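Trainee: Got a structure here, written out as structure tokens. Questions coming.
The values are calculated or read from the model by the stated rules, or taken from the named source; none is laboratory data. Nothing here was measured: the structure is a model prediction, and the numbers come from that model. Cβ atoms come from the backbone with ideal geometry, glycine included; neighbour counts cover every protein chain shown.
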Amino acid sequence: MSCPNDGIEGASEQTSAEEQRKRLIATLIRSGVRVINPEHTYVEETVRVAPDVTLLPGTHLRGATLIEAGCTIGPDCWVQDSCVEADCVVRYSVVEGAR
């Protein structure tokens with residue numbers, strides 16, 4: 001048996017999460033991060049990204065991640081709980097727990 005309100009709260013939560021994602025991306029752009037395709041870039045609140053970083057489409061930055069200045073991340077990267085040092089390029093990769 002299903003509840004008449006099934007899905008409504010989920011849709012509301014999804015909209016809220018999408019709005020939060022857009023705000024985070026806008027904040028990064030204002031701080032000097034180049035986000036090539038904001039609709040396909042995902043960054044959690046816990047992530048720190050320095051100015052002069054380029055994020056390409058399909059980039060997912062999660063957890064306690066730090067991206068230092070001059071880096072290019074993406075396309076199609078998953079970086080979690082990692083530090084990417086200045087001027088590095090990470091493409092088509094999964095990076096977890098790297099320092």
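Trainee: What number of residues in the stretch 78-99 are assigned to a loop (DSSP other than H, G, I, E, B) and among the hydrophobic types (A, V, I, L, M, F, W, C)?
Mentor: Count: 3.
Trainee: Against the condition of a type in the set (Gly, Ala, Ser), under 10 Å from the mean Cα position of the chain (by Cα) and modelled with pLDDT of 95 or more, how does residue 32 come out, does it pass?
Mentor: no
Trainee: Here is a check on your reading of the model: is residue 68 in contact with a Lys or Arg (Cβ under 8 Å, 6 or more places away or on another chain) and charged (D, E, K, R)?
Mentor: For residue 68, the condition - in contact with a Lys or Arg (Cβ under 8 Å, 6 or more places away or on another chain) and charged (D, E, K, R) - is not met.
Trainee: Looking at the stretch 40-65, which of its residues are in contact with a strand residue (DSSP E or B) (Cβ under 6 Å, 6 or more places away or on another chain), crowded, with 19+ Cβ neighbours inside 10 Å and not β-branched (Val, Ile, Thr)? Show your work before the answer.
Mentor: Looking only at the stretch 40-65, we keep the residues that are in contact with a strand residue (DSSP E or B) (Cβ under 6 Å, 6 or more places away or on another chain), and these are 41-44, 47-49, 53-55, 59-63, 65.
Now restrict to residues that are crowded, with 19+ Cβ neighbours inside 10 Å: 41, 43, 47, 49, 53, 55, 59-61, 65.
The answer is 55, 60, 61.
Trainee: Turning to a different aspect of this structure: Of all residues in the stretch 26-77, count the ones that are touching a helix residue (DSSP H, G or I) at 6+ places or on another chain (Cβ under 9 Å), in a strand (DSSP E or B) and closer than 15 Å to residue 91 by Cβ.
Mentor: 3
Trainee: Show the residue pairs that are 6+ apart or on different chains and have beta-carbon atoms under 7 Å apart, the first residue being within the stretch 36-53 and farther than 19 Å from residue 80 by Cα and among the polar types (S, T, N, Q), the second being assigned to a loop (DSSP other than H, G, I, E, B) and at pLDDT 95 or above.
Mentor: 37/57
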